[in-house]
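Enquirer: Please find one structure pasted underneath; my questions will follow.
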Amino acid sequence: MTLCTLLLAALPATAAQPATPDLLAIKVGKAETIDQGTLEHAVILIEDGKIVMIGEDLPIERGIPVLDRDPEWTVMPGLVNAYSRGPLDSRGGNDANPGLRASDELYPGEDFYGDVLELGVTTLGLYPAGNGIPGRAVAVRPRGDTAEEMILRDDVYLKIRMRSSGSDKKMLRKGFEDADGWIEDEQKAREKWEKEQEKKKKSKKKKDDDKSVAGPATPSLDDDDGEYTPPEKDASAEAFLQLRSGELTALFAISQASDYLHLIDAIGDEEFQWDLRVPVTSELNIFYVKEEIGARGCRVMIEPQLSQHPNTLRLRNLPMELSDAGAKLVLVPRSDSVWGHEEWLHNTGEMVGYGLDREVALRAVTLEPAELLGVGDRVGSLTPGKDANLIFFEGDPLEPGTRVEAVMLEGEFVAGEVKL
Amino acid sequence: MRFPLHVKAALAAGLLFAAAPLVRASFTPPTFDDEEESEEGEESAEEDGPDTRYFAVVGADIHTGTGEVLRGATLLSKNGKIQAIGYDIEIPGRDFQADVPSAERGYTTEVLDATGFRVYPGMVAIESSGLLGTGGDFRDSIDPFDQNMVLGLGAGITSTGQGSSAVKLKRYVSDGTDVDYDFDGVVLRDKWYTTMSYNSANSRRSLREDLERASQYIREYRKWQEDVKSDKELKEPSKKGVNGSVVEVLTGQIMAKFRADSREELLGIARIAQEYGFRPVIDGAREGWTVADELGRAGAYAIVTPRERRDKNELLVRDGGSSIENAAILHAAGVQIAIKPGSRGVSLGGITGRDIMHLPVEVGFAIRGGLPEEAAVASVTTVPARMMGVAHRVGTLAKGRDCDLIVTDGDLLHYQTFVQWAVVDGKVVYDKEAELFFAHIRPRAETEVAPLQRLDAGENEEEEEGDEDDDDEKDKKKDDEDDD
């Protein structure tokens with residue numbers, strides 16, 4: 001009860017919104033669809049929180065309520081920040097805890113969620129804090145009274161910190177060794193079980209000599225340990241087996257070029273899906289391996305920020321360089337505060353001003369992070385069938401002066417004063 | 001000029017034999033695969049695969065570090081090991097009458113035209129710090145992009161002692177594809193010395209005890225080895241109280257390094273080393289010139305810094321204090337000299353010219369004191385390599401050795417000389433013109449700027465031509481646009 005009142009107090013703007021109709025057509029001047037370029041005079045049809053149809057100058061059937069903001073508004077998909085701690089505290093250990101989940105520390109009542117939602121952030125990837133292997137991230141919508149209501153998808157990536165150090169490399173190798181260890185144990189246990197079964201069968205045969213023996217799968221009444229149960233996996237073995245099977249992806253946080261080489265060395269022959277997190281520092285030297293990263297084609301999560309060539313004052317646009325080299329770009333706010341989210345799009349625009357491709361930049365704050373979080377089929381672009389997570393601007397979203405006019409989360413206006 | 005070297009070599013050989021009986025009997029010293037490797041090289045029956053990497057330097061005066069100077073010669077390496085040095089060497093992929101179509105060649109060749117330049121073995125700094133990043137085990141912590149590594153290479157250093165290990169300045173060179181870096185190749189040797197001290201009554205006593213116990217243990221161990229053949233139940237002698245490192249020193253596996261400057265300590269070390277049959281490495285040895293004969297007889301190695309000073313004790317009548325002639329006198333007495341500068345790391349503040357970047361300058365001061373030039377070059381190449389037990393891989397240019405070399409625009413030890421290229425494991429890891437540090441100082445003259453020829457596995461050759469065409473077209477287009 002107290003929680004509810006708190007929530008109401010926390011989200012006055014949201015609470016004051018009038019209910020958005022279930023079926024709605026929105027006409028805007030421009031739509032940045034991300035997956036099919038920019039549409040002029042776009043019409044988006046929304047039903048039950050999903051985008052049903054999108055196109056240029058679509059005829060709208062009579063009776064459908066229309067929100068006509070053509071030509072002043074531009075719409076783009078809600079922003080996806082795949083790397084945030086949000087309101088969670090940042091303390092963490094240095095050990096390998098691949099079983100920990102950020103979703104376990106989720107507390108829905110925080111102001112942060114409402115604040116960033118008003119800024120157009122409709123999906124957040126919350127990661128577990130700490131060095132070493134801090135655990136698994138969760139994708140959430142920044143709205144909901146309970147953790148269950150917030151969670152879009154859990155176990156979206158396993159965060160692993162990798163530095164040029166023996167201990168970090170060992171930690172990663174040990175994870176896969178744990179997985180191998182379990183496979184071995186499992187094999188032994190299975191063989192043992194099979195032998196036991198055979199013994200039982202034989203003894204049963206002797207007992208029920210004249211009866212015909214049914215298939216081995218048929219459960220017999222006097223079987224005390226009928227089904228085969230594989231040995232328990234520990235958290236490490238489980239996580240690394242999931243990595244191998246593709247159920248889980250890894251996000252490696254590295255801080256310089258040499259870390260990447262050591263990472264490749266530590267990974268060795270293991271094959272699994274992984275992406276990179278590279279925080280921009282003033283003299284980040286990741287450009288030394290940009291071609292290698294590009295050749296691999298993994299995602300690189302980085303802040304939209306210029307840096308300097310080490311020991312010089314020469315500016316480098318590393319997001320652009322990485323993207324040009326072939327890496328898939330994911331841009332995250334420079335600061336994980338509400339203010340950081342407010343500046344996020346403008347900083348992204350700055351990168352475009354310094355040469356980053358506009359389409360890449362827009363994708364880097366929407367669809368690319370959504371795919372990193374494994375929710376690319378639900379959010380991240382203006383595509384029929386996806387959630388109606390939309391931000392409306394009056395002007396170009398990447399221009400410094402542009403402000404958010406309205407935000408829609410799953411078909412419902414959650415920010416801005418919108419009159420039909 | 002050469003005479004002292006021969007004397008030195010003879011002395012060294014003699015001393016090695018003196019120490020040999022200890023080594024031979026039961027403790028096998030670490031075996032290096034030197035011979036095997038060179039045999040493999042001779043066969044060269046290994047088929048060239050797409051990973052085969054040839055690298056050649058042509059046109060330079062090659063100072064091999066073994067006494068030879070080959071003017072305008074060619075050095076060819078295959079997969080990071082030197083395959084041939086000399087004249088009329090066929091460089092795979094460069095022969096114009098090659099009957100194998102370039103597309104089927106299946107290997108890469110890189111040719112560095114260094115006409116007018118000199119080639120030396122990459123320098124071996126006996127001691128340095130911070131050139132490979134900050135870490136313990138360099139296999140797992142090296143930063144192959146470290147700025148200090150670039151500066152070290154720019155100074156001409158390709159190998160160095162860091163802590164007690166011998167490592168290479170193996171910079172990462174991107175070829176635009178997936179990561180290709182041999183982390184194991186960074187470390188030449190994990191532990192080449194143990195520290196011993198002889199500077200106080202206590203340390204002297206404990207050192208003597210350690211040596212006594214260790215040699216006692218070695219004797220017992222050898223006796224056991226013989227006896228166990230007849231009586232298999234015999235127990236191995238106990239290692240209790242025996243310092244393992246000291247055993248390693250006495251069996252010739254690692255070196256014993258002393259930090260000592262005063263005449264008394266140096267004499268004491270020479271004596272104890274002869275008594276127990278090992279060759280000490282003396283770091284400092286500022287008064288070494290006063291007891292050079294004794295140190296020479298003990299087969300000592302010395303790591304000296306010619307510009308370091310030590311005052312004479314004026315209460316004593318006999319010689320003392322530092323001398324500019326120290327290195328020269330020690331060398332003449334048969335002490336093998338390695339030279340290190342005053343500061344181990346790259347230091348960009350304070351008084352310039354005393355850090356690891358100025359290793360050749362420091363060596364210059366030894367020459368000023370009378371050290372023959374050949375010995376001076378050896379003090380930053382062969383001698384440190386020998387001390388660290390890695391002379392079979394670095395320090396000289398010879399068939400089978402690692403292709404670690406530097407290309408300079410003048411005499412290695414001239415103050416004006418710049419390293420133009422540095423090569424580690426057959427890869428160009430430093431190019432003066434490509435780095436931000438010295439490119440602007442006396443840039444390579446137009447005629448001297450030798451383009452690095454890259455002969456790919458064949459498939460790119462046509463593309464290169466195509467590129468040229470494209471460029472032409474672009475130029476034309478530009479012209480057209482200009483016209484418009």
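Enquirer: Keeping all protein chains in position, work out how much accessible area A:Tyr157 exposes to a 1.4 Å probe, and write it in Å² to the nearest 10.
Expert: Only protein atoms counted, so the area is about 0 Å².
Enquirer: Taking Cα centroids, how far is segment A:331-395 from segment B:194-208 in Å?
Expert: 67
Enquirer: Please give the FRET efficiency for A:Glu232 paired with A:Ala147, using the beta carbon to beta carbon distance and R0 = 35 Å, rounded to the nearest 0.05.
Expert: According to the calculation, E is roughly 0.85.
Enquirer: Something else: If you take every residue apart from B:Glu362 with its C-beta less than 9 Å away from the C-beta of B:Glu362, what net charge results, scoring Lys and Arg +1 and Asp and Glu -1?
Expert: Here the count lands on +3.
Enquirer: Let me ask something else. Show me, for segment A:239-251, the HN-Hα J-couplings you get by feeding each phi into the Karplus relation (A = 6.51, B = -1.76, C = 1.60, θ = phi - 60°), rounded to Hz, glycine and proline as x.
Expert: In residue order, the calculated couplings are 4, 6, 5, 5, 4, 5, 7, x, 5, 10, 10, 10, 10 Hz.
Enquirer: R0 = 22 Å: FRET efficiency of B:Ile351 with B:Arg310, Cβ-based, nearest 0.05?
Expert: Taking R0 as 22 Å, the efficiency between B:Ile351 and B:Arg310 is 0.75.
Enquirer: Identify which of A:Glu410, A:Glu110, A:Glu194 has the largest mean-square fluctuation in a Gaussian network model of chain A, with springs joining Cα atoms closer than 10 Å.
Expert: A:Glu194
Enquirer: Separate question: Keeping all protein chains in place, calculate the accessible area per residue for segment B:186-226 (probe 1.4 angstrom), answer in Å².
Expert: Using a 1.4 Å probe on heavy atoms only, each residue of segment B:186-226 averages 56 Å².
Enquirer: Additional query: Quick check on segment B:260-418: take the gyration tensor over C-alpha atoms, sort the square-rooted eigenvalues as a ≥ b ≥ c, and tell me if it's rounded (a/c under 1.5), prolate or oblate.
Expert: Oblate.
Enquirer: Another one. Specify whether the C-alpha gyration tensor of segment A:13-159 places it in the rounded, prolate or oblate class, a ≥ b ≥ c being the square roots of the eigenvalues: rounded for a/c under 1.5, otherwise prolate if a/b is larger than b/c and oblate if not.
Expert: prolate
Enquirer: For A:Ala253, list long-range residues whose amide hydrogen, built 1.01 Å from N in the peptide plane, is under 5 Å from its own amide hydrogen.
Expert: When sequence neighbours closer than 5 places are left aside, the close amide H contacts are A:Ile160, A:Arg161, A:Met162, A:Arg277.
Enquirer: Per-residue HN-Hα couplings for segment B:379-390, Karplus 6.51 cos²θ - 1.76 cosθ + 1.60 at θ = phi - 60°, whole Hz, x for Gly and Pro?
Expert: Each residue's phi maps through the Karplus curve to give 5, 10, 9, 5, 5, x, 4, 5, 4, 7, x, 10 Hz.
Enquirer: Specify the residue with the greatest mean-square fluctuation among A:Lys201, A:Lys170, A:Lys290, computed from a Gaussian network of chain A linking alpha-carbon atoms under 10 Å apart.
Expert: Maximum fluctuation in the GNM of chain A, among the listed residues, is at A:Lys201.
Enquirer: Could you tell me which of the pairs B:Lys168/B:Lys427; A:Lys50/A:Lys328; B:Lys168/B:Lys191; B:Lys81/B:Lys170 are separated by over 18 angstrom between their Cα atoms in the structure shown?
Expert: A:Lys50/A:Lys328
Enquirer: In debye, nearest 20: dipole of the protein assembly as shown around its Cα centre with unit charges on the Cβ of K, R (+) and D, E (-)?
Expert: I would put it at about 6020 debye.
Enquirer: In the protein assembly as shown, what percent of the accessible surface is made up of carbon and sulfur (1.4 Å probe, ligands and nucleic acids excluded)?
Expert: Answer for the protein assembly as shown: carbon and sulfur cover 48 percent of the accessible area.
Enquirer: Computed on protein heavy atoms with a 1.4 Å probe, what is the summed buried accessible area for the chain pair B and A, in Å² to the nearest 100?
Expert: 1600
Enquirer: Also: Under 5 Å between amide hydrogens, which residues at least 5 positions from A:Arg153 or on another chain qualify, with H placed 1.01 Å from N in the peptide plane?
Expert: A:Ala139
Enquirer: At 1.4 Å probe size, with no ligands or nucleic acids counted, give the accessible surface of A:Glu184 in Å², nearest ten.
Expert: Here the accessible area works out near 110 Å².
Enquirer: Only counting protein heavy atoms at a 1.4 Å probe, give the residues of segment B:107-152, ordered by number, whose accessible area falls by 30 Å² or more when the other protein chains are present relative to the chain alone.
Expert: B:Asp140, B:Asp143, B:Phe145, B:Gln147
Enquirer: Here is a further query. Which percent, nearest 5, of DSSP beta bridges in the protein assembly as shown are antiparallel?
Expert: Of the beta bridges lying entirely in the protein assembly as shown, close to 55 percent run antiparallel.
Enquirer: Right, next: Once amide H atoms are built 1.01 Å from N in the peptide plane, which residues 5 or more positions from B:Tyr301, or in another chain, come under 5 Å H to H?
Expert: Hits under the 5 Å cutoff: B:Val281, B:Ile282.
Enquirer: Where a Cα-Cα gap under 24 Å defines reach, which lysines qualify for A:Lys205, not counting those fewer than 8 residues away within the same chain?
Expert: A:Lys192, A:Lys195
Enquirer: Let me ask something else. Out of all DSSP beta bridges with both ends in chain A, state the antiparallel percent to the nearest 5.
Expert: Restricted to chain A, the bridges split so that about 60 percent are antiparallel.
Enquirer: Separate question: So how much slack lies between A:Leu313 and A:Asp269, counting 0.36 nm per residue of separation and subtracting their Cα-Cα distance, in nm?
Expert: 11.9 nm
Enquirer: Ignoring everything except DSSP H segments at least 4 long, calculate the 222 nm mean residue ellipticity for the protein assembly as shown; use -39,500 (n - 2.57) per segment, divide by total residues, nearest 500.
Expert: Calculated from helices alone, the mean residue ellipticity at 222 nm is -9500 deg cm²/dmol.
Enquirer: Rolling a 1.4 Å sphere over the protein heavy atoms, what is the accessible area per residue of chain A, to the nearest Å²?
Expert: Heavy-atom SASA per residue in chain A reads 46 Å².
Enquirer: Give the separation of the Cα centroids, segment A:24-68 to segment B:140-186, in Å.
Expert: 57
Enquirer: Using only the heavy atoms of the protein chains and a 1.4 Å probe, how would B:Met357, B:Met387 rank by accessible area, largest first?
Expert: B:Met357, B:Met387
Enquirer: For B:Thr66 and B:Asp182, what is the calculated FRET efficiency with R₀ set at 25 Å and r taken between the beta-carbons, to the nearest 0.05?
Expert: The formula returns an efficiency of 0.40 here.
Enquirer: Just counting partner chain Cβ atoms within 10 Å, what average do the residues of peptide B:173-180 show around their Cβ?
Expert: Neighbouring Cβ atoms belonging to other protein chains average 5 per residue here.
Enquirer: Using 20 Å as the cut-off for backbone N distance, which residues of segment B:330-344 belong to the label zone defined by a point 7 Å from the Cα of B:Arg318 along Cα→Cβ?
Expert: B:330-335
Enquirer: Go through segment A:31-41 residue by residue and turn each phi into a ³J(HN,Hα) via Karplus (6.51, -1.76, 1.60, θ = phi - 60°); whole Hz please, and just put x for glycine and proline.
Expert: Rounded to whole hertz, the list is 10, 8, 7, 6, 8, 9, x, 9, 9, 8, 6.
The values are calculated or read from the model by the stated rules, or taken from the named source; none is laboratory data. Everything numeric in this text was worked out from a predicted model, so none of it was measured. Neighbour counts are summed over all protein chains in view; Cβ atoms, including those assigned to glycine, are modelled from backbone coordinates with ideal geometry. The area values use the complete protein model at the heavy-atom level, side chains included, leaving out ligands, DNA and RNA. Shrake-Rupley method; radii C 1.70, N 1.55, O 1.52, S 1.80 Å.
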